[in-house]
Amino acid sequence: MNSHITNPTNSRDELIKKMEYYFSKERETIQSSYRLKLKNESLDFFIKTEDGSYTLNSPDFDGKIETMHNSNGAISESFEKFVKPFKNAFFKNNLNKHELEYHEDIAILDICSGLGYNSAAIIEDFLQNCGKTSEKVPKISIDMVEISADTLAAGTLVPSPIKSHDVVKKAIESKLMDEKYLSLETEKADIPENVAISIYCEDARKTVRNLPDNSYDGIFLDPYSPAMAPELCTVEFFKELKRVIKDDGIVATYSLAAGVRYAFVEAGFYIGEGPVFGRIHGGTIASLNVNNIDKDISKKDEKTIALSDAGIPFRDENLDLKSSEILNNRQIERKNARHKYKLSSAVQTPIFLGKEIKDKKLKRRILRNFNKVNLSDLKSEEVCFVISPQYKFLKNHSSKNQSPNKIKNKFQNNSKYKFKNYYKEFIKFYLKNNFKSNLKHEINHYYKSNSKDRIVEMEKRLKSINNCYKN
């Protein structure tokens, strides 16, 4: 749910009005003809994506409208961003690399299931690659969570992009009949015996709190953008996901927002970049098992998350705040952190740590932001300490016998470590000069570690720099 495309002729509100009218007529008359008319007329309100599958506009969030799927292909997005990373992790951990078949039961939590595409995609893949034996037929269990009954109902009207979407439609229809939203069963598909679908039409925060521990092999997290649905991007919500996911499971989400990624880190997940589809960068993969992370996020993103106010996460201590409250609280926390223990995210300040800047105006702006958190220059010694894993300056020099002023002078007067490149040049320097073997080991270990560890370490070092300047 990430494309910002507004299509006034495909109004979600108009579709919902039609749905309310025709479904009310269906309940009054118990005649299926109203459902058929609605299906035909609803096509005018769905938006066709490049792979032929359809999407729908989001509700209006304070004048902001998104489409529910990527314009490059709605069902393709489900396979690429959710099914693909799940399969990679599952087969890796279940030793089926060569067979690429499901020989074990799997459990999926599909949060913000929307029109049902993500669930349909994993069912399709599972049924096509199900390794049946005489002893056991593997089973897939899916818990779909969607707060909007209207969105679920729209999922029964949209043309099915793959066969398994008809199975999902059948499950949605059954749920909506239980809720008295629908009165007739019109879907003809049968749900296979080894497919179990449960649907929760409620706030995902409520659902997740009531789920058992260590239950899911994969979690598909597909809300609208954090600006629209911050309640599903908070540290506390991710801690609940940590509780219900299996140790080898993964969370896949399209979001690459700094606040979202930091929330995963604070909740205890390792993080990495997900598959790229329809844009330059991939989404986010989170797991309790670092081996499930195939691709680290970029070094620029690590610095932005660890060191700037953009990385301040969303918070919802009791999982009960309104979206507006969560957004407002984060703005306050960002303001309080900025220039104190976090760099300003303005003009992407953190990415210039250890870099040369030729633009004089930009350089002045960056240096002003640096100076406010006691970083004296672009490649000063304290900058090396913050961004370079093997650098030990504070550990070696900030003894009790040295005052903050002495440390400050040491930082500002020492120009020994003026490196052209934030990582590569630093390593070249030490390896070229045959530095201690244990330091080489430390460097190698650091670069094999996950973004989570590097983010935590950089943040800790920036805070320690500020502590040196306190009287």
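The values are calculated or read from the model by the stated rules, or taken from the named source; none is laboratory data. Computed from a prediction, not measured in an experiment: that's the story for all the values here. Cβ coordinates were reconstructed from backbone atoms using ideal geometry, including for glycine residues, and neighbour counts include every protein chain displayed.
Restricting attention to region 218-247, the residues being hydrophobic (A, V, I, L, M, F, W, C), part of a helix (DSSP H, G or I) and out of contact with any Asp or Glu (no Cβ under 6 Å at 6 or more places or on another chain) number 5. Among the candidates L152, L109, the residue that is within 21 Å of E41 (Cα to Cα), surrounded by 24 or more Cβ atoms within 10 Å (Cβ to Cβ), modelled with pLDDT of 95 or more and in the same structural domain as P212 (by TED's automatic domain parsing) is uniquely L152. Taken as a whole, the condition of being in contact with a strand residue (DSSP E or B) (Cβ under 6 Å, 6 or more places away or on another chain), hydroxyl-bearing (S, T, Y) and either within 19 Å of I16 (Cβ to Cβ) or part of a helix (DSSP H, G or I) (or both) does not apply to S174. Of the residues screened, G63 is one that is at positive phi, of a type outside the set (V, I, T) and without any contact (Cβ under 8 Å) to a residue 40 or more places away in the chain.
Quick one: is F237 at pLDDT below 95 and aromatic (F, W, Y)? So F237 fails the test. When R279 is tested against (1) part of a loop (DSSP other than H, G, I, E, B); (2) more than 17 Å from the chain's Cα centre (by Cα), only condition (2) is not met. If the condition is being without any contact (Cβ under 8 Å) to a residue 40 or more places away in the chain and either touching a helix residue (DSSP H, G or I) at 6+ places or on another chain (Cβ under 6 Å) or not assigned by TED's automatic domain parsing to the domain that holds D110 (or both), then region 209-249 contributes D213, K239.
Once region 334-393 is narrowed to residues that are among the aromatic types (F, W, Y) and assigned to a helix (DSSP H, G or I), the residue that is surrounded by the fewest Cβ atoms within 10 Å (Cβ to Cβ) is F393. For K175, the requirement of being under 25 Å from D247 (Cβ atoms) and of a type in the set (D, E, K, R) is not met.
What residue, among those in region 137-160 that are part of a helix (DSSP H, G or I) and of a type in the set (S, T, Y), is farthest from I219 (Cα to Cα)? The residue in question is T156.
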